[in-house]
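The values are calculated or read from the model by the stated rules, or taken from the named source; none is laboratory data. Not measured: the values here are computed from a predicted model. Using ideal geometry, Cβ is built from the backbone for each residue, glycine included, and neighbour counts are taken over all protein chains shown. SASA here: full protein model, heavy atoms, side chains in, ligands and nucleic acids out. Shrake-Rupley method; radii C 1.70, N 1.55, O 1.52, S 1.80 Å.
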Amino acid sequence: MDWSNDGLDPSNFETCVKKYRLEIKHKILFIIALIVGTVVLSSYSTTLGTMDIGFLDTYRIIWEHIIGDIKDTTLDFLVVEYRLPRVCAAIITGVGLSICGCLMQGVLKNPLADPYTTGVSSGAAFGATLVMTTGFLAAITGFATVISAFVFAMVPITVIIMMSKFSNASPTTMIMAGIGVMYVFNAFTTLMMLWADPMNLTNLYRWQVGSIAMVSSWANIPYMAGVVIVGLIIMMVLSKQLNVLASGDESAKSMGINADRLRLVSLVLTGVVSAGVVSFTGLIGFVGLVCPHIVRMFVGSDNKYLIPGSAALGAFVLLVADTIGKSGWIGFTIQTGVVMAFIGGPVFLWLILRRSNQAW
Amino acid sequence: MTKIELSHVSFAYNPEEPVLKDISMTFEEPGLYCILGPNGVGKSTVVKCICKINEHTEGDIFIDGQNTKELRYKDIAKVVSFVPATSNEMFSMSVIDTIMIGRYNKRKWGQEEEDLRQVYKAMNLLHIENLAYHKSNQLSAGQHQKVSLARGLVQEPKVLILDEPTANLDVKYQVYVTELLRAIAKQNQMIIIMISHDLNITAKYADRIIMMARPGVVYTVGTPEEVITSENIEHVYGIKSTIIKDPNVGVPVVILGESLMDNE
């Protein structure tokens, strides 16, 4: 387009372009730093457990396993078959929950949106409780808890979508619908827990607190990884459209985006990814809520960097939580969900204080 | 040349209280079109119907002969861009990234520098290049409005629609932005439609004025001389006025009198 004052000062424009590129470089460096941190922490986390294995020894054991020259089958089993899947599960879970929180907050325009506030976690909890207390599906498949948790986790998302289809609901109404469904599921879950056999309650409670230890084998990893990787790729493909949606529904429509459809697609996506993760690990809170907010402070709200940044920080933070939980530093091991709540709660309060009167 | 035609368009949230009633008008000649009218007469609604942000309940809207009911948002966005009166971003981006969003339909792989050039030009034009890396939640309402306007400009549409683009600006920038819009319309043979509440700025810069009145109807359409009359102002706004001619440019100037509401 030709505008009347086209006489731009080239040096000012050059400075602007340089600064823009430098900002992008900083964002990419932040994400790379998190990925490197996660890789280093993964190695350290693999050394921790009932038997101490040296930092470099873990690499040697993994390398020997890859080339098929296993010298110590016990160490090989411990590292490759037990500790490594747990580390992978922590990374995948962190990535999955964090990108879901990031996407939900963006499309629902609400800084509190995450798998908890949209009812996904409550649905999953109900599904798991149903299997653990009544044996529903348990006779048919060993994955009964996972399947039931996944199916019921999708119920709140379905309700939100139906509501938005029939009543043209706003993002706020969608969150409120999620909260409504959450209370209904919580009531049923509590009722079933009251009737449950005390023997089942421990398992049930452990599931509800959430732990990566429940995924300490390779058997579950492909399902979790598949859902999370596909979800992450789709979110990255949608990132430009999500940026347009962030400028408001009216602006988005005028720029050619079907805002309502994009919101629904995003909700289905977050439902599938978060349900695909929590149905294996149980309910782990705060990752989806806190990580995207921290990443926004460093890379801004451009989804092109925010989504991968949230994925990287989610992986790092959950790995930190799981490493602390299993380290036994305080004399006993703690469930990942509990550690995450101890970390996430204060961090969230700090974020609120830091933001005080500003918008997010 | 782009043509927008509204034919017997009505819109209602509730069938008993129509917001727009049987609106018919055509935008064909390039230039600055201003929509005037009191609050609640459907000015924003009618422009949102053109962009399909609101879907009209009766009648038809044609963009270059194609009915908008059969067009996708993407197709409409290639021709028309809309700058809303307010933005409701929950998470703030930097000003440069916010304006860059406007290039969504134009962006091509490896052409980032051209996008940045357009963005920088728009910032330069609106004197906000010093705010490029400020977050949008650090801006004043007026600065925010300039950013929205810049985002609308970088879309390079054939038809640019603006909902009260000068509402939060100081007098200097109200005049500057309106002058700018008129110049852009002339230079690029574009149709620019803006909603305004300032009768004098509209009278000075608009090529054509659409005056709307209750209950959601077009009261009159024409040049500033034809529309800005004391009779029309009294009928539409309920206010007495005296119209004189600007001795320099010959456009009508409104001297507002008493509100008739006070006399009732």
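Here are some notes:
- Residue match in the stretch A:67-79 (condition: open to solvent by 10 Å² or more (accessible area, probe 1.4 Å), more than 21 Å from A:Trp218 (Cα to Cα) and not in a helix (DSSP H, G or I)): yes
- Filter pass, A:Ile32 being more than 30 Å from B:Val119 (Cβ to Cβ) and either away from chain B (no Cβ under 11 Å) or at pLDDT 90 or above (or both): no
- Selected residue (criterion: farthest from the other protein chains (Cβ to nearest Cβ)) from residues of the stretch B:48-74 that are within 19 Å of B:Glu28 (Cα to Cα) and without any contact (Cβ under 8 Å) to a residue 12 or more places away in the chain: B:Asn67
- Considering the stretch A:202-284, the qualifying helices (runs of 4 or more DSSP H), each wholly inside and each with 3 or more residues that are surrounded by fewer than 23 Cβ atoms within 10 Å (Cβ to Cβ) and of a type outside the set (Val, Ile, Thr), run over A:221-246, A:259-281.
- Leading residue by the ranking (farthest from the other protein chains (Cβ to nearest Cβ)) among those in the stretch B:198-210 that are in contact (Cβ under 8 Å) with a residue 40 or more places away in the chain and under 18 Å from B:Asn168 (Cα atoms): B:Leu199
- Qualifying position, being more than 15 Å from A:Gly271 (Cβ to Cβ), out of contact with any strand residue (DSSP E or B) (no Cβ under 9 Å at 6 or more places or on another chain) and either touching a residue at least 40 places away in the same chain (Cβ under 8 Å) or polar (S, T, N, Q) (or both), among A:Met193, A:Met199: A:Met193
- Any helices (runs of 4 or more DSSP H) falling wholly within the stretch B:90-197 and containing at least 3 residues that are out of contact with any helix residue (DSSP H, G or I) (no Cβ under 6 Å at 6 or more places or on another chain), open to solvent by 20 Å² or more (accessible area, probe 1.4 Å) and more than 10 Å from chain A (Cβ to nearest Cβ): B:141-154, B:171-188
- Checked against the criterion of being over 30 Å from B:Leu162 (Cα atoms) and of a type outside the set (Ser, Thr, Tyr), the candidates A:Val265, A:Val347, A:Val244 yield just one match: A:Val347.
- Qualifying residue in the stretch A:292-304 (condition: surrounded by fewer than 24 Cβ atoms within 10 Å (Cβ to Cβ), modelled with pLDDT of 90 or more, within 14 Å of another protein chain (Cβ to nearest Cβ) and farther than 25 Å from A:Ala90 by Cα): yes
- A Cβ distance below 9 Å, combined with a sequence gap of six or more or placement on separate chains, defines the contacts here; from the stretch A:328-352, residues that are in contact (Cβ under 8 Å) with a residue 12 or more places away in the chain reach residues that are outside any loop (DSSP other than H, G, I, E, B) and acidic (Asp, Glu) in the pairs A:Thr336/A:Asp322; A:Val339/A:Asp322; A:Met340/A:Asp322.
- Sole exception among (1) open to solvent by 10 Å² or more (accessible area, probe 1.4 Å); (2) assigned to a loop (DSSP other than H, G, I, E, B); (3) under 30 Å from A:Met182 (Cα atoms) for A:Pro115, by number: (1)
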